[in-house]
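Visitor: Quick one: the structure is below, and I'll ask about it shortly.
Just so you know, all these numbers are worked out from the coordinates, no wet-lab data involved. Note that the structure is predicted; figures quoted are calculated from it, not measured. Note that we place each Cβ from the backbone using ideal geometry, even for glycine, and neighbour counts take in every protein chain shown.
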């Protein structure tokens, strides 16, 4: 998909990867970006990037009514980027049940809600693409991120099902599998991290070159290669982290 003159909607656009994606999309020459977040007031910085092309909209991706209303507010979208996500740390036997529900509600059901709401619009607009921001640990679980891993693994499975379901609608579906990224989500975690700007650049390159599975940083590229060679070895490696 060519990004120039595209009309894009990005969830979770107020910070981190979402903010970087909007900045990169504007640089790529898109016509318009609908930048969304749960709190519209948190979108001031992203709107300031280009007040003519960035349209701030409020939505909670877990709320069916709000998502449906959003599709009516942004009927001209031909590229949807499901970036909104939440992460909680915890062992699978110890993480509070409400945190499990929260992560599945946002990371899995939220992305699914958005896809269901916008597939008809994207098809009507002549086709386009949906991008789901997943994670490297969807492939192999880190025990300290137990329910985050699980919710994103479910979202990866959904991404594959979605790809098959829209294959006759001129809609491409991309999954993005970042490693550690230097955002608020991993603040305080001492490890090598990739900048959101580099992730965004790789995502846009993947879209334009039709790379269905995008591994946008050195950590994800290296570990994906290892996972393809011996996924059990990677599982054991992650289990010790």
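Visitor: Divide the volume of the convex hull of the Cα atoms of segment 104-241 by its number of residues and quote the answer in cubic angstrom per residue. Walk me through the numbers on the way to the answer.
Guide: Details: hull volume 15.8 nm³, N = 138.
Spread over its residues, the Cα hull of segment 104-241 gives 115 Å³ apiece.
Visitor: Here's something else I'd like to know. Restricting attention to the alpha-carbon atoms of segment 17-116, what are Rg (one decimal) and Dmax (integer), both in Å?
Guide: In Å, with Rg to one decimal and Dmax whole: 15.0, 49.
Visitor: Among 2, 32, which comes first, second and so on when ranked by fewest other beta-carbon atoms within 10 Å?
Guide: Fewest to most other Cβ atoms nearby, the residues stand as 2, 32.
Visitor: What do you get for the angle between helix 218-229 and the principal long axis of the chain? Use alpha-carbon atoms, 0 to 90 degrees, nearest ten.
Guide: Once rounded, the angle reads 60 degrees.
Visitor: Quick one: if the Förster radius is 45 Å, what FRET efficiency do residue 39 and residue 237 give, using the C-beta to C-beta distance and rounding to 0.05? Before the final figure, lay out the partial values.
Guide: Values: r = 38 Å, r/R0 = 0.84.
After rounding to 0.05, the efficiency reads 0.75.
Visitor: Any idea what angle helix 64-73 forms with the longest principal axis of the chain, computed on alpha-carbon atoms, 0 to 90 degrees, nearest 10?
Guide: For 64-73 against the chain, the angle is about 40 degrees.
Visitor: Cα atoms only: what Rg and Dmax, in Å, come out for the chain?
Guide: Considering the chain through its Cα atoms, Rg and Dmax are 17.0, 50 Å.
Visitor: Highest GNM mean-square fluctuation, the chain, Cα pairs closer than 10 Å: which of 28, 180, 192?
Guide: Maximum fluctuation in the GNM of the chain, among the listed residues, is at 192.
Visitor: While we're looking at this one, here's another question. Given only helices, namely DSSP H runs of n ≥ 4 each adding -39500 (n - 2.57), what is the per-residue ellipticity at 222 nm of the chain, to the nearest 500 deg cm²/dmol? Don't skip to the answer; put the middle values down first.
Guide: Values: 9 runs with 102 residues, N = 241.
Per the formula, -13000 deg cm²/dmol.
Visitor: Quick one: among 121, 226, 153, which has the greatest mean-square fluctuation in a GNM of the chain with alpha-carbon springs under 10 angstrom?
Guide: Looking only at 121, 226, 153, the largest GNM fluctuation is found for 226.
Visitor: I would also like to ask the following. Cα axis of helix 146-165 to longest principal axis of the chain: angle in degrees, 0 to 90, nearest 10?
Guide: Result, in degrees: 50.
Visitor: Could you identify which residue out of 103, 73, 58 has the top mean-square fluctuation in a GNM of the chain using Cα springs shorter than 10 Å?
Guide: Of 103, 73, 58, the most mobile in the Gaussian network model is 73.
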